[in-house]
1. I'm trying to understand the selection: among the residues of the stretch 121-168, which are on the phi > 0 side of the Ramachandran plot and either away from ligand 4 (no atom under 11 Å from the Cβ) or at pLDDT below 95 (or both)?
2. Checking S110 against (1) modelled with pLDDT of 95 or more; (2) more than 28 Å from L165 (Cα to Cα), which test does it fail?
3. Checking the condition basic (K, R), closer than 30 Å to G228 by Cα, modelled with pLDDT of 95 or more and within 16 Å of ligand 1 (Cβ to nearest atom), which residue from R78, R39 passes?
4. Pairs under 7 Å by beta carbon, first residue within 17 Å of R225 (Cβ to Cβ) in the stretch 180-201, partner among the charged types (D, E, K, R), six or more apart or different chains?
5. Quick check: anything in the stretch 72-88 within 25 Å of G140 (Cβ to Cβ) and either surrounded by fewer than 20 Cβ atoms within 10 Å (Cβ to Cβ) or touching a helix residue (DSSP H, G or I) at 6+ places or on another chain (Cβ under 9 Å) (or both)?
6. Can we say S130 is more than 17 Å from S36 (Cβ to Cβ), within 16 Å of ligand 3 (Cβ to nearest atom) and hydroxyl-bearing (S, T, Y)?
7. Among (1) without any contact (Cβ under 8 Å) to a residue 12 or more places away in the chain; (2) within 23 Å of A231 (Cα to Cα), where does I124 come up short?
8. Within the stretch 232-243, identify whether any single residue is within 28 Å of L19 (Cα to Cα), among the β-branched types (V, I, T) and not in a loop (DSSP other than H, G, I, E, B), and answer yes or no.
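The values are calculated or read from the model by the stated rules, or taken from the named source; none is laboratory data. As the structure is a computational prediction, the values presented were derived from the model and not from experiment. Using ideal geometry, Cβ is built from the backbone for each residue, glycine included, and neighbour counts are taken over all protein chains shown.
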Amino acid sequence: YALEEDLRGALTAREFTLLYQPVLGLKSGKPLGAESLLRWQHPELGLLLPHSFLEVAGRSELITHIGEWVVEEAVASRDRVRAACGEAHPEWQVSVNLSLEELRRSEGLSRLLPLLSAQGAPDIEVTAGSLLDHSEETLGMLEQLRSHGARLSVDDFGDGAGSNLSALTRFPLDAIKLHPTLTARLPGDPRVVTLVASTIDLAHRLGLKVVAVGVERSEQLDILRELGCDAAQGYGVCPPLPETELLAWLAER
Ligand code: G
Ligand code: G
Ligand code: MN
Ligand code: NA
């Protein structure tokens, strides 16, 4: 199936959408913002998840254009939510997932940076696996994103390709997002409780915030709060929602 052909028309046909999954502050008990998650409403194949088309998009400059659209749309949504909620959520923020591969493309980073400065940057999440590369180029890209106002999170930290502790000392980071496989083993596995407690302590000593991902059950929320984790997201807090449903969810709280 020629997905690449379809991808070329998808931006102009407005077939991409973002879902927003709220992130809950564990000290305040209030939602702090939301992670934006890309979806493609394909005219024949239905709703497609990022893993089924981002690799194809990454073979050409299409990935850069999709990334730009994601940043512009997420920031516009953030500002609509702030306006709609009045004084309730003045600091509402969105995060976007960016792959370092898309920034490495010609023009990838240089087209994105002005967007960040223009309306106030979103938070940016980069997957921990991409930080295994300790090159000056990676460091330089992250420093530029940050100097344009984006707070940086390392995603999927603490398992698989995200087990690289020293990455926390090599890159200009603001937060870590714990790998959902760790959350899944809370609170039943005492070794994972110890691992998560130590990771939170380590991150805090390095001046980083900690967000738990994949929180599905209230016992997980309880232990994370007890361990001093800063924030949590997952189906147990709220699933990823279209903006209109997000606004309704916020209004109910
Ligand atoms: O809901 P979920 O299936 O969206 O996300 C699957 C994966 O796709 C996650 O690893 C997430 O980080 C990634 N992802 C979601 N949205 C985007 C996006 O806009 N850009 C990139 N590069 N990755 C995304
Ligand atoms: O960017 P990242 O790789 O962290 O992407 C987050 C992914 O986690 C998305 O695919 C999102 O749909 C998914 N997700 C969100 N909440 C939950 C949850 O509670 N449990 C699990 N297993 N996945 C979740
Ligand atoms: Mn993410
Ligand atoms: Na990710």
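1. Result: G149, G158, G160.
2. In the conditions (1) modelled with pLDDT of 95 or more; (2) more than 28 Å from L165 (Cα to Cα), S110 misses (1) alone.
3. Every option except R78 fails the conditions.
4. Close Cβ pairs satisfying both conditions: L182/D159; P187/E219; V192/R185.
5. There is at least one residue in the stretch 72-88 that is within 25 Å of G140 (Cβ to Cβ) and either surrounded by fewer than 20 Cβ atoms within 10 Å (Cβ to Cβ) or touching a helix residue (DSSP H, G or I) at 6+ places or on another chain (Cβ under 9 Å) (or both).
6. Yes, satisfied.
7. (1)
8. Among the residues of the stretch 232-243, not one is within 28 Å of L19 (Cα to Cα), among the β-branched types (V, I, T) and not in a loop (DSSP other than H, G, I, E, B), which makes the answer no.
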